[in-house]
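Q: The structure that follows is given in the form of structure tokens.
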């Protein structure tokens, strides 16, 4: 072990953005031919550290050693030359360029394109066969599925002959099947002797694929351990700094009468595309209905219709009374008057006004309630006092109602939104992506609050792309694909694999572990999508 | 309308369309790289002034042209500094340069020549028409002869340069490494940056190319199309070129058709003033003058297919993950 030089060695890396110390004296050794996980909460400094390694940011202090030699990585060009490739969380692809154009960009041979393109085609073909990464070189990026776009990013790095591949939160946008495929690719790469650094906040992925794992907390490296010698519980504790409950602690549900009934709902977006194609379901008091699905299969539109943001056709009844789906009385304000709370999927754009203070944000949507009026004016003093109390109850940190929403972390922003919606005691709560971009510690709290509302006899509609979250929180699971409900399952009677297939639009039971068949049907689905787009 | 009238009208279209074409291509390079350039007008205006002034003083058209290009490049550099280096608002930088050009040219002209903000008439110190080979020999040939002699031949060098720049631009954009990177940086500068290519250098290069082309356009206006500089002589052509750029959907060959269409409208307006359609229906000349803008609005409203600008145009690039 000692005579092999680490593929990557970071020594004492520090980086500050203004007053925020993103990385503090970080040292790490990554051995060649291994998959090294880096795990930590949002804002722990993982991405910053990797961006420094890739030359995207410049460290304030510290050294980078590659293959036993000190490397002076001043920009991405230098990182690429040192054999480092990076797949960013938000892909760095030119959407209206073809795959091959994206691959050669910045790595062209000579001033003219033609020789580069034909060379890239040949190389892409080899790489595709070597690593099971088939992509049509002439397809435009915007016509590819997210999984394929990610493949292009990996191909880009391999085309530049990267030996060290950094992946930043690669599975956030993938279906479970796509994620499995990605892990098989990574495994192949490891077998070929490539070194992989995997940044993630998902404990399951770390346990599944990595050889070693480093934990980061608040800009510091708190531990590096062999994956085989640790457990998810230990890692979670290292990440958060205290014991964390990874499972949602809840009693079996006691469903009451039907609160919301949806019949034959159709939603067409403003481009004229039908997004929701005739779905029906009921939610009862005291139960959580989870809607699983890959992003973009109609869940957002469903939420928006129920929340009064989009118009639709069909029928919805709330506690026996029909709710209008278009025109007067179908807006968000009317929905709130009907006692429907709404925690939108995109909290920064639809849930909060980032430039406004926390106390102002705790009253939006309910600002016309009589209790906040003082003659013709708003009773700001009362609102502010109530906001402080709500923030205290929901453990918002810092508990300062005068702070602007944008200055809170993701988890605390979400708590502000939840406090606003839950404290009004809605009969139905719509919750979209409640823990997206939220730290493990806060996830625990948010899940508990949702369960507490359920136990108080309220109905909850949960939309999430995180399958773990759906599985652990829901009392009933409906899977949406292409605007339709593919099936309903009880959490105790299903598993991730089955739900994953439903999410990919495949119902029925395939043969056990028969991945070839699954891959083929997935490819067929993708092709169908591509032809619809084209 | 007989053949000679049509040829005359089309010849005038080519002459009036050339400055639009040059400025449109200038805007194309700049916006394809993600830098909106509303300062085409101002750049062409300083170029027009320095071209005429230096040509008059030195008696050399070439020196005039070089001065025009230099002045326009200086303006481009300012635009680049403001909008690329300091990440300022590109529209504001462009508008400021337009105002600067409009005031500066008249002020300097008055100080140097004392003729009310104009340059003295250039007389012979202008771009000479170029007679293409066999133009005179072929003239008697029916139809083709006059077309070749009066429409294709007999323009000044900058007209041919402008037309040649269309295929050249297409080739650069779609067949070279520089073109690939230029298009990429206008769509997603993050992709270019992470590929290890400097976003700022690429954008500066394209902004300077835009400056060069505006220099040609300005020089052509004061030293080719007309014989001397007069106040505000670009007269909104910079904005029409931007309209043509939208009309052309940021593509070189479409830019040629769009600018020639707008050139034709100007030629018609210039020749006919009010057009009488009979029965007392008269199209006033003003209508022809606003037509380019009306057409652009129709395009923008999406009636003739969507005009989608380069995705990152107008946005200064800041690194983010």
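Q: Give the number of residues within segment A:67-82 that are facing chain B (nearest Cβ under 7 Å) and part of a helix (DSSP H, G or I). Write out each step before concluding.
A: Going residue by residue through segment A:67-82, those that are facing chain B (nearest Cβ under 7 Å) are A:75-77, A:80.
Those left that are additionally part of a helix (DSSP H, G or I): A:76-77, A:80.
The total comes to 3.
Q: Taking the stated definitions as given, is residue A:58 more than 10 Å from chain B (Cβ to nearest Cβ) and either at pLDDT 95 or above or within 22 Å of residue B:200 (Cβ to Cβ) (or both)?
A: yes
Q: Consider residue A:129 carefully, then state whether it is farther than 20 Å from residue A:168 by Cα, facing another protein chain (nearest Cβ under 7 Å), free of Cβ contacts under 8 Å to residues at least 40 places away in the same chain and assigned to a helix (DSSP H, G or I).
A: Values: farther than 20 Å from residue A:168 by Cα: yes; facing another protein chain (nearest Cβ under 7 Å): no; free of Cβ contacts under 8 Å to residues at least 40 places away in the same chain: yes; assigned to a helix (DSSP H, G or I): yes.
No.
Q: Among the residues of segment A:326-353, count how many are closer than 24 Å to residue A:381 by Cβ and touching a helix residue (DSSP H, G or I) at 6+ places or on another chain (Cβ under 6 Å).
A: Qualifying residue count for the region: 1.
Q: Right, another one. Over 24 Å from residue A:146 (Cα atoms), more than 9 Å from chain B (Cβ to nearest Cβ) and in contact with a strand residue (DSSP E or B) (Cβ under 8 Å, 6 or more places away or on another chain): which single residue out of A:85, A:45 fits that description? Show your work before the answer.
A: Values: A:85 fails: over 24 Å from residue A:146 (Cα atoms).
That would be A:45, the only listed residue that is over 24 Å from residue A:146 (Cα atoms), more than 9 Å from chain B (Cβ to nearest Cβ) and in contact with a strand residue (DSSP E or B) (Cβ under 8 Å, 6 or more places away or on another chain).
Q: Taking residue B:248 and the conditions (1) away from chain A (no Cβ under 14 Å); (2) within 25 Å of residue B:291 (Cα to Cα); (3) out of contact with any helix residue (DSSP H, G or I) (no Cβ under 6 Å at 6 or more places or on another chain), which numbered condition does it fall short on, given that it satisfies the others?
A: Just one mismatch for residue B:248, condition (3).
Q: Further, regarding this structure: Identify the single condition in (1) in contact (Cβ under 8 Å) with a residue 12 or more places away in the chain; (2) within 14 Å of chain A (Cβ to nearest Cβ); (3) over 30 Å from residue B:86 (Cα atoms) that residue B:267 does not satisfy, given that it satisfies every other one.
A: (2)
Q: For segment B:208-232, give me each residue that is without any contact (Cβ under 8 Å) to a residue 60 or more places away in the chain and either within 14 Å of chain A (Cβ to nearest Cβ) or part of a helix (DSSP H, G or I) (or both).
A: Passing the criteria: none in range.
Q: Of all residues in segment B:187-207, count the ones that are facing chain A (nearest Cβ under 9 Å) and either over 19 Å from residue A:86 (Cα atoms) or outside any helix (DSSP H, G or I) (or both).
A: So the answer is 6.
Q: Looking at (1) touching a residue at least 60 places away in the same chain (Cβ under 8 Å); (2) within 14 Å of chain B (Cβ to nearest Cβ); (3) touching a helix residue (DSSP H, G or I) at 6+ places or on another chain (Cβ under 6 Å), find the lone condition where residue A:139 falls short.
A: Unmet condition: (2).
Q: Which residue, of B:160, B:174, is part of a helix (DSSP H, G or I) and touching a strand residue (DSSP E or B) at 6+ places or on another chain (Cβ under 8 Å)?
A: That would be B:160, the only listed residue that is part of a helix (DSSP H, G or I) and touching a strand residue (DSSP E or B) at 6+ places or on another chain (Cβ under 8 Å).
Q: Return the total of residues in segment B:69-94 being in contact with a helix residue (DSSP H, G or I) (Cβ under 6 Å, 6 or more places away or on another chain) and not in a helix (DSSP H, G or I).
A: So the answer is 1.
Q: Can you find a residue in segment A:205-215 that is surrounded by 17 or more Cβ atoms within 10 Å (Cβ to Cβ), at pLDDT below 90 and on the phi < 0 side of the Ramachandran plot?
A: Taking every residue of segment A:205-215 in turn, at least one turns out to be surrounded by 17 or more Cβ atoms within 10 Å (Cβ to Cβ), at pLDDT below 90 and on the phi < 0 side of the Ramachandran plot.
Q: For segment B:49-68, which residues satisfy the criterion of being out of contact with any helix residue (DSSP H, G or I) (no Cβ under 7 Å at 6 or more places or on another chain) and assigned to a helix (DSSP H, G or I)?
A: The answer is B:56, B:57, B:58, B:62, B:66.
Q: Among the numbered criteria (1) closer than 19 Å to residue A:199 by Cβ; (2) surrounded by fewer than 16 Cβ atoms within 10 Å (Cβ to Cβ); (3) within 14 Å of chain B (Cβ to nearest Cβ), which single criterion is violated by residue A:27?
A: If we test residue A:27 against (1) closer than 19 Å to residue A:199 by Cβ; (2) surrounded by fewer than 16 Cβ atoms within 10 Å (Cβ to Cβ); (3) within 14 Å of chain B (Cβ to nearest Cβ), just (3) comes out false.
Q: Kindly list the number of the only condition in (1) more than 7 Å from chain B (Cβ to nearest Cβ); (2) touching a helix residue (DSSP H, G or I) at 6+ places or on another chain (Cβ under 8 Å) that fails for residue A:52.
A: Only one criterion in (1) more than 7 Å from chain B (Cβ to nearest Cβ); (2) touching a helix residue (DSSP H, G or I) at 6+ places or on another chain (Cβ under 8 Å) is unmet by residue A:52, namely (2).
Q: Shifting gears a bit: Would it be correct to say that residue B:182 is buried (at least 20 other Cβ atoms within 10 Å of the Cβ), under 24 Å from the mean Cα position of the chain (by Cα) and within 14 Å of another protein chain (Cβ to nearest Cβ)?
A: yes
Q: Here's another thing I want to ask about it. Give the number of residues within segment A:417-456 that are over 18 Å from residue A:336 (Cβ atoms) and over 15 Å from the mean Cα position of the chain (by Cα).
A: Looking only at segment A:417-456, we keep the residues that are over 18 Å from residue A:336 (Cβ atoms), and these are A:433-452, A:454-456.
Among the residues that remain, those that are also over 15 Å from the mean Cα position of the chain (by Cα) are: A:441-442, A:444-452, A:454-456.
Result for segment A:417-456: 14.
Q: Checking the condition surrounded by 17 or more Cβ atoms within 10 Å (Cβ to Cβ) and outside the structural domain of residue A:434 (by TED's automatic domain parsing), which residue from A:250, A:226 passes?
A: Exactly one residue qualifies, and that residue is A:250.
Q: Something else: Looking for whichever is within 20 Å of the chain's Cα centre (by Cα) and assigned to a strand (DSSP E or B) here; the options are A:64, A:39. Which one fits?
A: None of the other options fit; the residue is A:39.
Q: Taking residue A:91 as the residue in question, decide whether it is in contact with a helix residue (DSSP H, G or I) (Cβ under 7 Å, 6 or more places away or on another chain), surrounded by fewer than 23 Cβ atoms within 10 Å (Cβ to Cβ), at pLDDT below 95 and facing chain B (nearest Cβ under 10 Å).
A: Here the answer is yes, as residue A:91 does meet what is asked.
Q: Looking only at segment A:103-115, decide whether some residue is touching a residue at least 60 places away in the same chain (Cβ under 8 Å), facing chain B (nearest Cβ under 7 Å) and surrounded by 22 or more Cβ atoms within 10 Å (Cβ to Cβ). Spell out the reasoning first.
A: Here is the first cut: in segment A:103-115, the residues touching a residue at least 60 places away in the same chain (Cβ under 8 Å) are none.
No, because not a single residue in segment A:103-115 is touching a residue at least 60 places away in the same chain (Cβ under 8 Å), facing chain B (nearest Cβ under 7 Å) and surrounded by 22 or more Cβ atoms within 10 Å (Cβ to Cβ).
Q: Considering each of B:294, B:281, B:299, B:308 in turn, give the residue that is under 24 Å from residue A:96 (Cβ atoms), more than 14 Å from chain A (Cβ to nearest Cβ) and either at pLDDT 80 or above or surrounded by 15 or more Cβ atoms within 10 Å (Cβ to Cβ) (or both).
A: Numbers: B:294 fails: under 24 Å from residue A:96 (Cβ atoms); B:281 fails: under 24 Å from residue A:96 (Cβ atoms); B:308 fails: more than 14 Å from chain A (Cβ to nearest Cβ).
B:299 is the lone residue from the list that is under 24 Å from residue A:96 (Cβ atoms), more than 14 Å from chain A (Cβ to nearest Cβ) and either at pLDDT 80 or above or surrounded by 15 or more Cβ atoms within 10 Å (Cβ to Cβ) (or both).
Q: I've got another one for you. Among the residues in segment B:143-156, are any outside any helix (DSSP H, G or I), buried (at least 20 other Cβ atoms within 10 Å of the Cβ) and within 14 Å of chain A (Cβ to nearest Cβ)?
A: no
Q: Something else about it: Quick check: anything in segment A:111-122 outside any helix (DSSP H, G or I), over 28 Å from residue A:11 (Cα atoms), at pLDDT 90 or above and assigned by TED's automatic domain parsing to the domain that holds residue A:185?
A: Yes, segment A:111-122 contains a residue that is outside any helix (DSSP H, G or I), over 28 Å from residue A:11 (Cα atoms), at pLDDT 90 or above and assigned by TED's automatic domain parsing to the domain that holds residue A:185.
Q: Here is a further query. Does residue A:443 fit the bill of being in the same structural domain as residue A:299 (by TED's automatic domain parsing), modelled with pLDDT under 95, assigned to a helix (DSSP H, G or I) and touching a strand residue (DSSP E or B) at 6+ places or on another chain (Cβ under 7 Å)?
A: no
The values are calculated or read from the model by the stated rules, or taken from the named source; none is laboratory data. Quantities reported herein were computed from a predicted structural model and do not represent experimental measurements. Note: ideal-geometry Cβ built from the backbone for every residue, glycine included; neighbour counts use all protein chains shown.
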